[in-house]
Amino acid sequence: MPGLLPSRSAKGLEHTRTLLHAGWFVTKPAETQGDQFADDWHTLDTLGLDYLKEHRGLSPRAVKFYRPRGDYRGDFYHNLGVTEAIANIRAGLHQEEASFIPQEQIEWDFGKYDELPIAFPAKTSAVLKNGPVSWEGHIQPDAVFGVEYPGGGKNYFALEYQRAGPVRTNVLKGVSSMLKKYLAYADAHTSKTFKSEWGITGQKTPLYVLFVFTTEIDYRASLKLCSELFPNGAPMFFHAHIAPTRKTPGGFTKPAYPFPEIATMKWERVGCGPKAIYEKDPTEVGP
């Protein structure tokens, strides 16, 4: 946590966490019972949530989950990865001149209060081994956020966290199909459904999509697929391989350290060079 809260010492943060846990403001998630990582993860308990609402008001949530139980994306560790990625991005932006725009703030800004997930209508088609296949529906990001620059310009991002097993590059249907995600997001972009859904005007590059991969194999396979689908380049798709764990000197597996550099590091893109989420001169236009 010191990496996300550089103003606090590690010892002071540990003392605060102990007090919060003792007072039932935070608790260990039930999903981590018996997990060797359990000491590193806490979640707000009811008292903690009520305290924040009382003293800070109803702040817009940076991450919102809607997936039903049984859906793999409702898995605790997948949601944890999404939350950690957004927390790191937010911390990194706070160290720069940019402002982080939470998902719920974006929803409020365009009048969305129905508590349904953000999703963009899209339709795609591809020729696979068994012949042509088509798909039409809604593409639903794991998270969305915005970045506002000192001059008032904004960029918007969808996050896809690829953790649940090998990604699929040769099928069009299924929640883990990278083929569907690439084609559906490209359609949502070119058909301007993203802009119409959010009421955005005047944005040259209304949407970037961040793909975070937990394994090197998935990262490389997806880059290869992207290059095949978009031989002229795909500026809107950012790719990064970020392992969710680390090895201690004693050989134990532990959660990765906070990584606010995720906001300013160069993400890999196909055919147009790497780019950071935050750059001093965000002038590039998308496809």
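Residue count for segment 227-240 under the criterion of being in contact with a helix residue (DSSP H, G or I) (Cβ under 7 Å, 6 or more places away or on another chain), at pLDDT below 95 and open to solvent by less than 20 Å² (accessible area, probe 1.4 Å): the result is 2.
Taken over segment 241-253, the criterion of being surrounded by 13 or more Cβ atoms within 10 Å (Cβ to Cβ) and out of contact with any Asp or Glu (no Cβ under 7 Å at 6 or more places or on another chain) is satisfied by Ile242, Pro244.
Here Ile86 fulfils each of the conditions (1) farther than 18 Å from Ser176 by Cα; (2) open to solvent by 60 Å² or more (accessible area, probe 1.4 Å) apart from (2). For segment 79-134, what are the residues that are part of a loop (DSSP other than H, G, I, E, B), among the hydrophobic types (A, V, I, L, M, F, W, C) and within 21 Å of Tyr149 (Cβ to Cβ)? Within segment 79-134, Ala98, Phe110 qualify.
Within segment 208-254, the set of residues being closer than 15 Å to Lys181 by Cβ, in a strand (DSSP E or B), without any contact (Cβ under 8 Å) to a residue 60 or more places away in the chain and not hydrophobic (A, V, I, L, M, F, W, C) comprises His239 only. The set of residues from segment 101-118 being hydrophobic (A, V, I, L, M, F, W, C), modelled with pLDDT of 80 or more and open to solvent by 20 Å² or more (accessible area, probe 1.4 Å) comprises Trp108, Phe110. Of all the residues in segment 45-67, those that are outside any helix (DSSP H, G or I), modelled with pLDDT under 75 and open to solvent by 80 Å² or more (accessible area, probe 1.4 Å) number 1.
Which one is surrounded by the fewest Cβ atoms within 10 Å (Cβ to Cβ), of the residues in segment 135-147 that are within 17 Å of the chain's Cα centre (by Cα) and in a strand (DSSP E or B)? Working first, answer last.
Kept after step one, since they are within 17 Å of the chain's Cα centre (by Cα), are these residues of segment 135-147: 139-147.
The next check asks that each one be in a strand (DSSP E or B); those that pass are 139, 143-147.
Values: Ile139: 23, Ala143: 23, Val144: 27, Phe145: 24, Gly146: 19, Val147: 22.
So the residue we want is Gly146.
For (1) modelled with pLDDT of 80 or more; (2) touching a Leu at 6+ places or on another chain (Cβ under 8 Å); (3) crowded, with 17+ Cβ neighbours inside 10 Å, each residue gets a yes or a no:
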| site | (1), (2), (3) |
| --- | --- |
| Glu160 | yes, yes, yes |
| Arg168 | no, yes, yes |
| Val175 | no, no, no |
| Tyr182 | yes, yes, yes |
| Ala188 | yes, yes, yes |
| Phe194 | no, yes, yes |
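The values are calculated or read from the model by the stated rules, or taken from the named source; none is laboratory data. Note that this is a predicted model, so its numbers are computed, not measured. Neighbour counts are summed over all protein chains in view; Cβ atoms, including those assigned to glycine, are modelled from backbone coordinates with ideal geometry. Note: areas computed on protein heavy atoms with side chains; ligands, DNA, RNA excluded. Shrake-Rupley method; radii C 1.70, N 1.55, O 1.52, S 1.80 Å.
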